[in-house]
Amino acid sequence: GTTQSTWESIETFISEKYLSSSDDKKKAVIGIEERQTNFALVNRIEGGGGQGTSMQTATALRVSSIVSHLKGTKNAVELKGFEDCHIRDGCALVRFMAWLSAEMKEENPKNIHEVDCSDKVTWFRSQEQLFRGPSFATISSSGPNGAVIHYSPKTGADRRLTKAELYLVDSGGQYEDGTTDVTRVLTFDPRLLKKSTPSLVDEEVAPIRTAYTLVLQGHIALAAAVFPEGVAGYRLDVLARLPLWKQGLDYAHGTGHGVGSFLCVHEGPHSVPSRLPATSVPLIEGMILSNEPGYYEANHFGIRIENLVSVVKADASMLRYASGTTVAPATTDCKSLAFKQLTVVPFNKDLIDVSMLTAEERAFVDTYHQEVRRVLTPLIEKHGDTVALDYLNAYTVPL
């Protein structure tokens with residue numbers, strides 16, 4: 001059974017039940033969720049009643065909470081909800097991107113600030129069924145603010161968007177059937193593309209198209225990964241970083257986090273961290289993760305490409321992409337897992353240097369964009385938003 005205790009009485013409860021000085025009691029083993037348990041409680045468990053008392057100690061076993069595991073592994077209803085809400089969310093975000101692009105491409109664009117964009121993307125989401133609010137404070141960042149990874153705009157202190165700077169928007173929605181989190185980068189003027197050579201050598205600032213394409217290559221590498229059961233997320237992090245590493249570049253945050261179902265947008269116990277975590281949790285079918293590599297030039301710009309994915313059993317088509325040819329079934333008992341895309345929002349093809357992509361990477365982008373167009377077109381048509389429909393069609397053409 002399960003016994004709940006208030007925070008005020010938990011130390012007394014543990015002391016009386018597990019740290020009693022009775023000789024006939026064996027030393028207890030108490031499981032703790034290390035990231036959620038404070039030092040005072042761990043010290044009481046491992047140090048007994050403290051110096052000068054007769055209470056015995058217990059062994060604190062670092063574990064991941066069973067509650068976290070149950071929440072982290074979604075059931076069939078939750079997974080269906082994630083797929084459904086991401087289609088509605090994709091519609092809202094494409095409508096926002098189309099609106100903003102149209103406004104900024106005017107000869108004399110309006111005074112649009114970062115907070116205006118944050119409010120507008122929430123408004124577009126509010127037009128979709130089952131929307132209940134943002135899943136976190138929108139990161140709406142223009143130009144150098146994009147290089148601040150967890151930037152939060154403030155009214156009166158936010159920047160005005162300009163044609164000559166990148167705009168990064170990291171946002172999400174809470175829907176009754178799921179939670180979303182997506183990041184895209186927009187550009188409004190071809191002048192941004194002048195520094196588009198594939199080499200970063202001797203460049204004071206990394207060429208924007210090159211940097212975006214490197215981030216996209218890392219995003220694709222993780223999205224298309226096929227891996228055996230039992231692999232924890234930290235072992236996959238290198239896939240997203242490798243294209244940047246080859247150019248001597250990196251980013252200062254983890255590659256992915258778990259996501260709750262109409263709950264916290266950052267949810268454990270699983271993740272794709274850059275370092276070995278205290279408790280390494282294998283990825284299993286039904287988990288939801290973000291895939292969000294990035295690149296940041298301090299005082300210049302920020303780039304991040306984020307989709308949510310679900311962990312699924314790998315099928316033949318996924319194995320085919322990984323090798324370029326059909327792979328025969330494995331002769332071992334090791335089963336393979338892969339990722340299924342949940343987010344349906346086009347990448348920024350204006351920032352993709354196609355010459356840097358392999359044939360497989362181009363195929364991935366084209367296939368993804370074909371699916372984005374297929375699922376979003378009916379919903380955007382239902383809204384009667386011709387500007388968004390034109391934007392969708394323009395940004396999902398094959399590379």
Residues of region 34-44 being at pLDDT below 80, surrounded by 13 or more Cβ atoms within 10 Å (Cβ to Cβ) and either among the aromatic types (Phe, Trp, Tyr) or closer than 19 Å to residue 8 by Cβ (or both), which ones? 44
Residue list for region 118-137, restricted to those being open to solvent by 20 Å² or more (accessible area, probe 1.4 Å) and not polar (S, T, N, Q): 119, 120, 123, 130, 131, 132, 134, 136, 137
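Let's see how each residue does on (1) closer than 19 Å to residue 211 by Cα; (2) in contact (Cβ under 8 Å) with a residue 40 or more places away in the chain; (3) of a type outside the set (Ser, Thr, Tyr):
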site: 338; (1), (2), (3): no, yes, yes
site: 348; (1), (2), (3): yes, yes, yes
site: 368; (1), (2), (3): no, no, no
site: 382; (1), (2), (3): no, no, yes
Of the conditions (1) within 27 Å of residue 384 (Cβ to Cβ); (2) touching a strand residue (DSSP E or B) at 6+ places or on another chain (Cβ under 8 Å); (3) open to solvent by 10 Å² or more (accessible area, probe 1.4 Å), the single one that residue 95 does not satisfy is (2)
Restricting to region 258-303, name every residue that is open to solvent by 20 Å² or more (accessible area, probe 1.4 Å), over 14 Å from the mean Cα position of the chain (by Cα) and within 29 Å of residue 187 (Cβ to Cβ). 296, 297, 298, 299, 300
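Can you tell me how many residues in region 145-183 are closer than 19 Å to residue 109 by Cβ and either in contact with a helix residue (DSSP H, G or I) (Cβ under 9 Å, 6 or more places away or on another chain) or open to solvent by 30 Å² or more (accessible area, probe 1.4 Å) (or both)?
First pass over region 145-183, keeping only residues closer than 19 Å to residue 109 by Cβ: 145-146, 153, 158-169.
Next, only the ones that are either in contact with a helix residue (DSSP H, G or I) (Cβ under 9 Å, 6 or more places away or on another chain) or open to solvent by 30 Å² or more (accessible area, probe 1.4 Å) (or both) stay: 145, 153, 158-169.
So the answer is 14.
Please work out if residue 329 is at pLDDT 95 or above and farther than 30 Å from residue 176 by Cα.
Taking the combined requirement at face value, the residue does not satisfy it.
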Subset of region 1-26, residues at pLDDT 75 or above and of a type in the set (Lys, Arg), comes to 17
Of these, 68, 101, 118, which one is part of a helix (DSSP H, G or I) and in contact with a Phe, Trp or Tyr (Cβ under 7 Å, 6 or more places away or on another chain)? 101
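Per-residue answers, yes or no, for (1) modelled with pLDDT under 80; (2) over 21 Å from the mean Cα position of the chain (by Cα); (3) open to solvent by less than 90 Å² (accessible area, probe 1.4 Å):
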residue	(1), (2), (3)
51	yes, yes, no
80	no, no, no
87	no, no, yes
116	no, yes, yes
Residue 140 versus (1) buried (at least 23 other Cβ atoms within 10 Å of the Cβ); (2) among the small types (Gly, Ala, Ser); (3) part of a loop (DSSP other than H, G, I, E, B): which is the lone unmet condition? (3)
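The values are calculated or read from the model by the stated rules, or taken from the named source; none is laboratory data. Here the structure is a predicted model, which is why all the values come from computation and not from measurement. With ideal geometry, Cβ positions are generated from the backbone for all residues, glycine too; neighbour counts draw on all protein chains shown. To get the accessible areas, we keep the full protein, side chains included, count just its heavy atoms, and leave off ligands, DNA and RNA. Shrake-Rupley method; radii C 1.70, N 1.55, O 1.52, S 1.80 Å.
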